[in-house]
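Structure first, commentary second.
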Amino acid sequence: MSTRKVAFPPIVGGRPRTLILGSMPGEASLRRGQYYGHPRNAFWPIMTALLGIDPATDYAERTTALVAAGIALWDVMAECERIGSLDTAIRPASIRVNDFQALFDACPDIDLVAFNGGTAEREYHRRVRPGLSPTARAIATCRLPSTSPAHAGMSSGDKARAWHAVLAGRLAQIAS
């Protein structure tokens, strides 16, 4: 098994307002070629509830619903070396981040970056934010609890409530 991990391209629609960032896809996601592909990851159950779609919908339909709701999805890291799936196993010296300035230039309506967990937040602020334009640095950020099954210190219900508290109002604005 290779320790070099390469992330997915972003999922971005026409005019996203919210960018959700993970750190780097885990092994199950990489094998499936899907964001949050581990069957016990809480991301898709949370998002399908927020978006009001059937949790059994396929991956393409779920990502289409995200785009329609003004949500973009990406990871902070473009590449890294890691054995297994845990963020704690990432070799810091191996991290190469994605080109966020290009994304923000292409998507000027993004006004919130929501981090799926602490590693995404820490690495964004450490490795990405200092190199951004003043306008991009001014985009609001917030950390949400990791949806990873490895983050077992919080129940899935508590995770869902935290995500809903931040995103439900934003989705209602888009719908109106």
Response to the item:
From DSSP H assignment alone, runs of 4+ in the chain each adding -39500 (n - 2.57), the sum over residues rounded to the nearest 500 puts [θ] at 222 nm at -10000 deg cm²/dmol
Response to the item:
Listed with the fewest Cβ neighbours within 10 Å leading, Cys107, Cys142 appear as Cys142, Cys107
Worksheet item: Amide H neighbours of Thr141 under 5 Å, counting only residues 5+ apart in sequence or on other chains, H built in-plane at 1.01 Å?
Response: Val113
Response to the item:
Sorted by chain and then number, the residues having a modelled amide H within less than 5 Å of the amide H of Ala78, at least 5 places away or on another chain, are Arg96, Val97, Asn98
Worksheet item: So for the chain, taking the charge dipole from beta-carbon charges (+1 Lys/Arg, -1 Asp/Glu), which of Thr119, Ile53, Pro39 sits furthest toward the positive end?
Response: Thr119
Worksheet item: Considering the chain as a Gaussian network with a 10 Å cut-off on Cα pairs, which listed residue, Pro45, Pro92, Pro145, attains the greatest mean-square fluctuation?
Response: Pro92
Worksheet entry | Sequence of Ser23, Ser133, Ser29, Ser85 once ranked by neighbouring C-beta atoms within 10 Å, starting from the fewest | Ser133, Ser85, Ser29, Ser23
Discussion item. If you take mean projected area of the Cα convex hull in nm² from the coordinates, which of (1) 21.5; (2) 9.6; (3) 10.8 do you get?
Written reply: (2)
Discussion item. Can you work out the Karplus-derived ³J(HN,Hα) for every residue in the stretch 56-62? Use 6.51 cos²θ - 1.76 cosθ + 1.60 with θ = phi - 60°, whole Hz, and x for glycine or proline.
Written reply: 7, 4, 6, 4, 4, 5, 5
Worksheet, complete the sentence: With x for Gly and Pro, the residue-by-residue ³J(HN,Hα) of the stretch 111-126, computed from phi through the Karplus equation 6.51 cos²θ - 1.76 cosθ + 1.60 at θ = phi - 60° and given in whole Hz, is 10, 8, 10, 10, 8, 8, x, x, 5, 4, 4, 4, 5, 5, 5, 7
Discussion item. Through the Karplus equation 6.51 cos²θ - 1.76 cosθ + 1.60, θ set to phi - 60°, convert the phi angles of the stretch 18-34 into ³J(HN,Hα) values in whole Hz; use x for Gly and Pro.
Written reply: 10, 10, 9, 10, x, 8, 7, x, x, 4, 5, 5, 4, 4, 7, x, 9
Worksheet, complete the sentence: To the nearest 20 debye, the stretch 32-155 has a Cα-centred charge dipole, built from +1 on Lys and Arg Cβ and -1 on Asp and Glu Cβ, of 480
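We did not get these values from a lab; they are worked out from the coordinates using the rules stated. Please read all numbers here as calculations on a predicted model, not as lab measurements. Cβ coordinates were reconstructed from backbone atoms using ideal geometry, including for glycine residues, and neighbour counts include every protein chain displayed.
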